[in-house]
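Below: one structure in structure tokens.
The values are calculated or read from the model by the stated rules, or taken from the named source; none is laboratory data. Since the model is a prediction, treat every value here as computed from it, not as a measurement. Because the Cβ atoms are built from the backbone with ideal geometry, glycine has one as well, and the counts that use them run over all protein chains shown. For accessibility, only protein heavy atoms count, side chains too; no ligands or nucleic acids. Shrake-Rupley method; radii C 1.70, N 1.55, O 1.52, S 1.80 Å.
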Amino acid sequence: MIRSATPDDVPAIHRFISELAEYEHASHEVVATEEDLRRDLFGERPAIFAHLAVDDGGEAVGFALWFLNYSTWRGRHGIYLEDLYVTPAARGGGHGKALLTELAKIAEERGYGRFEWSVLDWNTPAIGFYTSIGARPQDEWTVYRMSGDTLRELSRA
């Protein structure tokens, strides 16, 4: 079952983020707190959204965290999936596909033009899964990122 996250789910979402970062060899980069998530998911003007996959016993076993992007060419919003994670014990049970299906339904119902995400180039299980459901890599684009000191330096220029 897939359901929208509630404020009570914030500790589980935070745990999933930490587990995902560990899987991606980037635990040292996680600085987000439960309070950050609570503010941004359920505060006065939420800008991110989350859905949870729950097992038959009602326990959260995975999540999708997403936000809106915008295509100037299409003149439509889209969904950008920031994180998709299913606990190792629950993988293969259809939870990841169910989360993606839910977001695809939201995109279709709301008239969004795209549903996009990034995947690490070494994550062959995820790449295989995504291509099996029809997603295609957009290899003509290169992602650039600015953060930390570099971001601060440019902001002061």
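Within the stretch 33-42, can one find any residue that is touching a residue at least 40 places away in the same chain (Cβ under 8 Å), open to solvent by less than 60 Å² (accessible area, probe 1.4 Å), not in a strand (DSSP E or B) and not hydrophobic (A, V, I, L, M, F, W, C)?
Narrowing the stretch 33-42 to residues touching a residue at least 40 places away in the same chain (Cβ under 8 Å): none.
Within the stretch 33-42, none of the residues are touching a residue at least 40 places away in the same chain (Cβ under 8 Å), open to solvent by less than 60 Å² (accessible area, probe 1.4 Å), not in a strand (DSSP E or B) and not hydrophobic (A, V, I, L, M, F, W, C).
Using the structure shown, decide if A60 is without any contact (Cβ under 8 Å) to a residue 24 or more places away in the chain, open to solvent by less than 70 Å² (accessible area, probe 1.4 Å) and either among the hydrophobic types (A, V, I, L, M, F, W, C) or at positive phi (or both).
no
Sort out which residues of the stretch 2-22 are touching a strand residue (DSSP E or B) at 6+ places or on another chain (Cβ under 8 Å) and either in contact (Cβ under 8 Å) with a residue 60 or more places away in the chain or open to solvent by less than 60 Å² (accessible area, probe 1.4 Å) (or both), and write them in order of number.
Across the stretch 2-22, the qualifying residues are I2, A5, D9, A12, I13, F16, I17, E19, L20.
Is there any pair with a first residue in the stretch 128-157 that is loosely packed, with under 10 Cβ neighbours inside 10 Å and a second that is polar (S, T, N, Q) and in a loop (DSSP other than H, G, I, E, B) whose Cβ atoms are under 9 Å apart and which are 6 or more apart or on different chains, and what are they?
V143/S118
Could you check, for the stretch 72-86, whether at least one of its residues is open to solvent by 60 Å² or more (accessible area, probe 1.4 Å), outside any helix (DSSP H, G or I) and among the aromatic types (F, W, Y)?
Yes: the stretch 72-86 contains one or more residues that are open to solvent by 60 Å² or more (accessible area, probe 1.4 Å), outside any helix (DSSP H, G or I) and among the aromatic types (F, W, Y).
Using the structure shown, decide if A98 is closer than 23 Å to S4 by Cβ, without any contact (Cβ under 8 Å) to a residue 12 or more places away in the chain, aliphatic (A, V, I, L, M) and surrounded by 12 or more Cβ atoms within 10 Å (Cβ to Cβ).
No, not satisfied.
Filtering the stretch 103-115 down to residues that are touching a strand residue (DSSP E or B) at 6+ places or on another chain (Cβ under 8 Å) and part of a helix (DSSP H, G or I), which residue is most open to solvent (accessible area, probe 1.4 Å)?
Filtering the stretch 103-115 for residues that are touching a strand residue (DSSP E or B) at 6+ places or on another chain (Cβ under 8 Å) and part of a helix (DSSP H, G or I), the one most open to solvent (accessible area, probe 1.4 Å) comes out as R110.
Right, here's the next one. Looking only at the stretch 52-71, how many residues end up being part of a loop (DSSP other than H, G, I, E, B) and among the polar types (S, T, N, Q)?
Residues flagged as part of a loop (DSSP other than H, G, I, E, B) and among the polar types (S, T, N, Q) within the stretch 52-71 amount to 0.
Does any residue of the stretch 116-136 turn out to be touching a strand residue (DSSP E or B) at 6+ places or on another chain (Cβ under 7 Å), modelled with pLDDT of 95 or more and in a strand (DSSP E or B)? Write out each step before concluding.
Of all residues in the stretch 116-136, those touching a strand residue (DSSP E or B) at 6+ places or on another chain (Cβ under 7 Å) come to 116-117.
Cutting the leftovers down to modelled with pLDDT of 95 or more gives us 116-117.
Remaining after also requiring in a strand (DSSP E or B): 116-117.
Looking for residues that are touching a strand residue (DSSP E or B) at 6+ places or on another chain (Cβ under 7 Å), modelled with pLDDT of 95 or more and in a strand (DSSP E or B), one finds at least one in the stretch 116-136, hence yes.
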